[in-house]
Amino acid sequence: MEKGLKRSCVTVVVAFLCMVHVSVSVPFIMLHGIAAQCADGTNDNFTHLLTNLSGSPGSCIEIGDGRHDSWFMPLTRQAEIACEKEQGNLVARGLIEFCDGGPPVYNYISLAGPHAGISSVPKCLDRLAPSGYFKDPMDVAKYLESSKYLPKLSNEIPEQRNSTYKERFASLHNLVLVKFQDDTIIVPNDSTWFGFYPDGDFEHVLPAQKTKLYTEDWIGLKTLDVAGKVKFVSVPGEHVKMAKEDVVKYVVPYLQNKPSLTQRLNRKTKEPLHP
């Protein structure tokens, strides 16, 4: 299986799957974003770095050919494939929320993920993946009508809200949201923490806790936060250029052996998972 993680000018995610209810290690998967592929040399080095620092096995999982399909495969299709494989920050959330019968996700660490959308790119064609999370705060109605991915992922459409998506996302043990202080790729930068512009306003940014997604708890973000399971992390640097000491401080602890006292169930059958 190809391994790695691009660390410059791409959106990156690290998600962790706990396969048994009492684990001696936390195996992890790494999912790259736009314009990257697992075979990149820097990706392979970063995967091995995390494995060496944590002692946990990990792999980068590819969808299609990686670099091309990360741009041209719609996120809805990437999410479908992610139920068999995985890729990308928002696709990783799709893995958590959408997949039936998949292994439970124990910890989810997101590096510079556009969780509330991005507003700085031209409106994309349906065939381009970023169209799935482009959000114009001056025309939210069109976003809700036209965007095929993020409104569903974030339970933004009232008549289509799915309690199962919320239940699955809220089942995380840890949600670590890493924002890069000099990031100019994700606009607004607070989208990495689920913050975004208010409807009809391009000047002010609401923190996550002031958004309706949080206050009305559409996906369980508030539930996780109140339980102390959300870590809002801010590190120096440009988009996903993370210093090794920050990797050690903010990523590695969630890869290391941490037994869970909570019995984990198969999502589809609800039967206990056994070692």
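The values are calculated or read from the model by the stated rules, or taken from the named source; none is laboratory data. The shown structure was predicted, so the numbers you read here are calculated from the model rather than taken from an experiment. With ideal geometry, Cβ positions are generated from the backbone for all residues, glycine too; neighbour counts draw on all protein chains shown.
Select, from Ser119, Ser70, the only residue that is hydroxyl-bearing (Ser, Thr, Tyr) and modelled with pLDDT of 85 or more.
Values: Ser70 fails: modelled with pLDDT of 85 or more.
Only one candidate passes the filter, namely Ser119.
If I ask for residues that are charged (D, E, K, R) and either within 18 Å of the chain's Cα centre (by Cα) or part of a loop (DSSP other than H, G, I, E, B) (or both), which ones from segment 212-232 would you list? Break it down into steps so the answer makes sense when it comes.
Quick first cut of segment 212-232, residues charged (D, E, K, R) only: 212, 216-217, 222, 225, 229, 231.
Of everything in segment 212-232, those that are charged (D, E, K, R) and either within 18 Å of the chain's Cα centre (by Cα) or part of a loop (DSSP other than H, G, I, E, B) (or both) turn out to be Glu216, Asp217, Lys222, Asp225, Lys229, Lys231.
Of the conditions (1) crowded, with 20+ Cβ neighbours inside 10 Å; (2) in a loop (DSSP other than H, G, I, E, B), Phe202 satisfies every one except a single condition; which number is it?
(1)
Please enumerate the residues belonging to segment 156-199 that are surrounded by 15 or more Cβ atoms within 10 Å (Cβ to Cβ), in contact with a helix residue (DSSP H, G or I) (Cβ under 8 Å, 6 or more places away or on another chain), part of a loop (DSSP other than H, G, I, E, B) and among the aliphatic types (A, V, I, L, M).
Listed by number, the residues that qualify are Ala170, Leu172, Ile186.
May I ask you to list pairs of residues, at least six apart or on different chains, whose Cβ atoms are under 8 Å apart, with the first in segment 179-194 being at positive phi and the second being of a type outside the set (Gly, Ala, Ser) and modelled with pLDDT of 95 or more?
Short answer, once both residue conditions are applied: Phe194/Leu177; Phe194/Thr211; Phe194/Leu213; Phe194/Tyr214; Phe194/Leu221.
Within segment 127-137, does at least one residue satisfy the condition of being modelled with pLDDT of 95 or more and of a type in the set (A, V, I, L, M, F, W, C)?
no
Do we have any residue at all in segment 179-191 that's in contact with a His (Cβ under 9 Å, 6 or more places away or on another chain), at pLDDT below 95 and within 27 Å of Lys166 (Cβ to Cβ)?
The answer is yes, given that some residue of segment 179-191 is in contact with a His (Cβ under 9 Å, 6 or more places away or on another chain), at pLDDT below 95 and within 27 Å of Lys166 (Cβ to Cβ).
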